[in-house]
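Single-structure report; data block below.
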Amino acid sequence: MRTSLTIPKELKCKLEILAKHEKRSVNNLIVYALDKYVEGELNCTYSNKK
């Protein structure tokens, strides 16, 4: 799925540095980071409801 996202230039530069260091595309790095964040939040949310 494609979506549009506006981010600050400084953040984009940092993402490019990290992506290059990890041999990933910026897109792949963003998807990875979002996935880890969402999974962590969901785990916390559902763990606290038990």
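The values are calculated or read from the model by the stated rules, or taken from the named source; none is laboratory data. It should be emphasised that the depicted structure is a prediction, and the values quoted were computed from it without experimental measurement. A quick note on method: Cβ atoms are made from the backbone with ideal geometry, for glycine too, and the neighbour counts reach across all protein chains shown.
Test TYR46 against the criterion of being of a type in the set (Ser, Thr, Tyr), surrounded by fewer than 11 Cβ atoms within 10 Å (Cβ to Cβ) and modelled with pLDDT of 95 or more, and give yes or no.
no
Looking at the structure I just gave you, is ILE30 part of a loop (DSSP other than H, G, I, E, B), surrounded by 10 or more Cβ atoms within 10 Å (Cβ to Cβ) and free of Cβ contacts under 8 Å to residues at least 40 places away in the same chain?
When the stated conditions are applied, ILE30 does not pass them.
Taking CYS13, is it modelled with pLDDT of 95 or more and in a helix (DSSP H, G or I)?
yes
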